[in-house]
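First the structure, in the form of structure tokens, and then the observations on it.
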Amino acid sequence: MKLTLSPSSTLSSFLGSRVAALLLPILLFVLLGGCSLLEGKDVHLPNLDMFHEFSENMAGEDPADAVDYHEQEPLPEPHTPYVGDAEEHQLDRLAAEDPVIFMYKRGNEHFNAGEYERAVASYDNVLVLEPEHPRAHFKKGASLHMLGRYEEALEEYDAHLALKPDDAHVYYDRGNTLSAMSRWNEAVDSYTRAIKLDSSYAEAYANRAYVYLKLGDAAAASQDADRARALNPAISIPESIH
């Protein structure tokens, strides 16, 4: 029997054999000969030490310089000394559940850490959400006092007292601010209000004694000093007040 091939099948067979003939040497070179070319020769890889040094330099003081080779993560806000990592998840939860309590707590942490500007900002956030928050007014006033912003501190103390007029501690702090401003008579009035609300307030007696001395009333100063010592023998009172 005689087999007759059509022109198209003949062409396909011819092309297939030609492609195979071309690919076979290349495949054999890769499998057998290519690797032998590397034998006995040094393989030059990138200088990884140089890359690491470059990366460290690029990740220096300005993170923006490093964006060409890797993405920079934003630096986290530094924690205050009184908020540990273990508490952060609780604060995050609290922020979502009750932002007023969260911001007030943050303000207290900043205040205790001596970060008075940040404390003021936190208490301001509280007051935006709850304008009649007496403790936020009080603690903001204390922060402002520590920053030497006495007039503003008095405004915050008065805002607290308008909401909670029977707070002896705020009258005491108000007296301290007035004393820092040398407004002696007003300071006496504030300490007196504190003492009327809490007759065992040794610190209020001691500070009023100091102010009486400034006003030249040695007898009143001595009387208050004695009362303060009777309430708290360890209390600090200037030696000039007998």
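The values are calculated or read from the model by the stated rules, or taken from the named source; none is laboratory data. As the structure is a prediction and not an experimental result, all values here were calculated from the model. Virtual Cβ from ideal backbone geometry, glycine too; neighbours counted across all protein chains shown. Ligands, DNA and RNA are excluded from the accessible area calculation, which covers all protein heavy atoms including side chains. Shrake-Rupley method; radii C 1.70, N 1.55, O 1.52, S 1.80 Å.
Some points to look at:
- Boolean, residue 111 is part of a helix (DSSP H, G or I), under 17 Å from residue 175 (Cα atoms) and in contact (Cβ under 8 Å) with a residue 12 or more places away in the chain: no
- Taken together, 150, 212 contain a single residue that is more than 26 Å from residue 130 (Cβ to Cβ) and of a type in the set (Ser, Thr, Tyr), which is 212.
- Among the candidates 241, 235, residue that is of a type in the set (A, V, I, L, M) and either under 39 Å from the mean Cα position of the chain (by Cα) or at pLDDT 95 or above (or both): 235
- Inter-residue pairs, beta-carbon under 9 Å, first outside any helix (DSSP H, G or I) and in segment 159-177, second surrounded by fewer than 21 Cβ atoms within 10 Å (Cβ to Cβ) and not hydroxyl-bearing (Ser, Thr, Tyr), 6+ apart: 164/134; 164/135; 166/197; 167/134; 167/161; 167/197
- Residue match in segment 132-150 (condition: assigned to a helix (DSSP H, G or I), closer than 24 Å to residue 205 by Cβ and either free of Cβ contacts under 8 Å to residues at least 24 places away in the same chain or more than 25 Å from the chain's Cα centre (by Cα) (or both)): yes
- Condition met for residue 199 (more than 22 Å from residue 135 (Cβ to Cβ) and in a helix (DSSP H, G or I)): no
Residues are listed down the side, and each one gets a yes or a no for (1) within 23 Å of residue 145 (Cα to Cα); (2) open to solvent by 20 Å² or more (accessible area, probe 1.4 Å):
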| position | (1), (2) |
| --- | --- |
| 159 | yes, yes |
| 187 | yes, no |
| 191 | yes, no |
| 207 | yes, yes |
| 214 | yes, yes |
| 233 | no, yes |
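- Test: residue in segment 217-227 that is free of Cβ contacts under 8 Å to residues at least 24 places away in the same chain, polar (S, T, N, Q) and in a loop (DSSP other than H, G, I, E, B): no
- If you go through segment 183-207 and keep only what is modelled with pLDDT under 95 and polar (S, T, N, Q), you end up with just 207.
Conditions tested, residue by residue: (1) surrounded by fewer than 19 Cβ atoms within 10 Å (Cβ to Cβ); (2) at pLDDT 55 or above; (3) among the aromatic types (Phe, Trp, Tyr).
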position: 59; (1), (2), (3): yes, no, no
position: 64; (1), (2), (3): yes, no, no
position: 80; (1), (2), (3): yes, no, no
position: 93; (1), (2), (3): yes, yes, no
position: 99; (1), (2), (3): yes, yes, no
position: 111; (1), (2), (3): no, yes, yes
position: 149; (1), (2), (3): yes, yes, no
position: 156; (1), (2), (3): no, yes, no
position: 167; (1), (2), (3): no, yes, no
